[in-house]
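S.K.: This is the structure, below, for whatever I ask next.
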Amino acid sequence: MTQTLADGPYLEGQLLVAMPGMNDPRFARSVIYLFAHSASGAMGLVVNKPLDTITFSELLQQLGIDPGPDHEQITLHFGGPVETGRGFVLHSSDYVRDATMMIGEDMALTATIAVLKAIAAGQGPRRSLLALGYAGWAPGQLDAEIQGNGWLVVPADQDLVFGGNLGSKWPRAVAKLGIDLSQLSGDAGHA
C-alpha cells in the first residue's frame with residue numbers, strides 16, 4: 001500500500017519551495033511556511049513576496065492603531081491568494097496570548113488586532129512576519145502537487161522565515177537541501 005501525506009507525517013512547520021517549473025504566477029519562486037497541515041487540508045503563508053499596495057503604517061492607520069515611539073516599519077507580505085484582506089502574524093514563540101497558535105516549540109501564529117497593537121507599541125514578538133492572505137489546499141491537494149513535482153519540502157528555520165532579504169529566500173531554501181538550482185527541472189520523471 002502506498003503511503004500518502006494524508007496518512008502522515010504532516011508537514012506543519014515546514015517550508016514549501018516552488019519548483020522552477022511552477023506554472024501559477026502567484027507562487028513562482030515562492031517559499032511558503034506551512035502553519036497547518038492535516039487530513040482536512042493545509043494552510044501556509046508566503047514568506048518571500050512583499051506586498052506593495054499598503055505599508056504597515058497605512059494598515060495601522062486604517063485599523064485605528066496609533067504607532068508608539070518604538071514602532072518599526074515592517075514589510076507586509078503577500079501571504080497567499082485566499083482571504084487577502086485577512087491578516088496573519090507569524091512570529092517567534094516569545095509572544096503567546098490566548099489566540100496564539102503554537103507551531104512547534106519556536107514558532108507561533110496570531111491573527112488578532114492585539115498582536116498588531118503590541119508590534120506598533122514595540123511590545124510584540126522578537127521576530128515577526130505580517131502577511132495579508134494565505135495559501136490554502138483542500139484535502140489531498142497539496143499531496144498531489146508535491147507528488148506532481150510542484151514543491152520541494154525544506155526544514156524551516158527562523159533566519160530563513162524572518163530574514164529580511166526576501167529575494168534570497170528561494171535560493172537559500174533550495175540550498176538547504178544541497179541541490180544545484182541548475183539541475184532542477186519542472187518536469188516530473190517516471191520510470
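Readers should treat all values here as calculations from the given coordinates under stated rules, not as data from a laboratory. Owing to the predicted nature of the structure, the values given are computational and were not obtained by experimental measurement. Glycine also receives a Cβ, built like all others from the backbone with ideal geometry; neighbour counts cover every protein chain displayed.
S.K.: If a residue has to be among the small types (Gly, Ala, Ser), outside any loop (DSSP other than H, G, I, E, B) and touching a strand residue (DSSP E or B) at 6+ places or on another chain (Cβ under 8 Å) to count, how many in the stretch 112-136 make the cut? So that I can check it myself, show each step before the final result.
M.R.: Filtering the stretch 112-136 down to residues among the small types (Gly, Ala, Ser) leaves 114, 118, 120-122, 124, 128, 131, 133, 135-136.
Okay, now just the ones that are also outside any loop (DSSP other than H, G, I, E, B), so 114, 118, 120, 128, 131, 133, 135-136.
From what's left, touching a strand residue (DSSP E or B) at 6+ places or on another chain (Cβ under 8 Å): 128, 131, 133, 135-136.
Of the residues in the stretch 112-136, 5 are among the small types (Gly, Ala, Ser), outside any loop (DSSP other than H, G, I, E, B) and touching a strand residue (DSSP E or B) at 6+ places or on another chain (Cβ under 8 Å).
S.K.: Among the numbered criteria (1) farther than 23 Å from VAL154 by Cα; (2) in contact with a His (Cβ under 6 Å, 6 or more places away or on another chain); (3) not polar (S, T, N, Q), which single criterion is violated by VAL96?
M.R.: Status for VAL96: all satisfied but (2).
S.K.: Another one. Can you find, within the stretch 94-111, the residue that is surrounded by the most Cβ atoms within 10 Å (Cβ to Cβ) among those that are touching a residue at least 24 places away in the same chain (Cβ under 8 Å) and in a loop (DSSP other than H, G, I, E, B)? Break it down into steps so the answer makes sense when it comes.
M.R.: Going through the stretch 94-111, the residues touching a residue at least 24 places away in the same chain (Cβ under 8 Å) turn out to be 94-95, 101, 103-104, 106-107, 109, 111.
From the residues that got through so far, the ones that are in a loop (DSSP other than H, G, I, E, B) too are 94-95, 104, 106, 111.
Numbers: ASP94: 11, TYR95: 20, GLY104: 12, ASP106: 14, ALA111: 16.
Here the residue is TYR95.
S.K.: Among the numbered conditions (1) among the small types (Gly, Ala, Ser); (2) crowded, with 17+ Cβ neighbours inside 10 Å; (3) not in a loop (DSSP other than H, G, I, E, B), tell me where GLY80 comes up short.
M.R.: The failed condition is (3).
S.K.: Report the residue count in the stretch 112-132 for those that are aliphatic (A, V, I, L, M) and without any contact (Cβ under 8 Å) to a residue 40 or more places away in the chain. Working first, answer last.
M.R.: Just the residues of the stretch 112-132 that are aliphatic (A, V, I, L, M), to begin with: 113-116, 118-121, 129-132.
Those left that are additionally without any contact (Cβ under 8 Å) to a residue 40 or more places away in the chain: 114-115, 118.
Within the stretch 112-132, residues that are aliphatic (A, V, I, L, M) and without any contact (Cβ under 8 Å) to a residue 40 or more places away in the chain number 3.
S.K.: Okay, next question. Considering each residue of the stretch 41-68, count those that are aliphatic (A, V, I, L, M), under 20 Å from GLY163 (Cβ atoms) and either in a helix (DSSP H, G or I) or touching a Ser or Thr at 6+ places or on another chain (Cβ under 6 Å) (or both), and give that number. Working first, answer last.
M.R.: Applying the first criterion (aliphatic (A, V, I, L, M)) to the stretch 41-68 yields 42-43, 45-47, 51, 54, 59-60, 63, 65.
In the following step, the residues that additionally are under 20 Å from GLY163 (Cβ atoms) were identified as 45-47, 51.
Retained after the next criterion (residues that are either in a helix (DSSP H, G or I) or touching a Ser or Thr at 6+ places or on another chain (Cβ under 6 Å) (or both)): 46.
Looking only at that region, the number is 1.
S.K.: Next up: Do you know which residues across the stretch 112-139 are buried (at least 17 other Cβ atoms within 10 Å of the Cβ) and under 16 Å from LEU45 (Cα atoms)?
M.R.: Applying the first criterion (buried (at least 17 other Cβ atoms within 10 Å of the Cβ)) to the stretch 112-139 yields 115-120, 124-125, 127-135, 137.
Of everything in the stretch 112-139, those that are buried (at least 17 other Cβ atoms within 10 Å of the Cβ) and under 16 Å from LEU45 (Cα atoms) turn out to be ARG127, SER128, LEU129, LEU130, ALA131, LEU132, GLY133, TYR134, ALA135, TRP137.
S.K.: Could you list, ordered by first residue, the pairs with Cβ atoms under 7 Å in which the first is in the stretch 133-162 and free of Cβ contacts under 8 Å to residues at least 12 places away in the same chain and the second is of a type in the set (Phe, Trp, Tyr) and surrounded by 19 or more Cβ atoms within 10 Å (Cβ to Cβ), at least 6 apart or interchain?
M.R.: Every condition considered, the pairs that remain are GLU145/TRP151.
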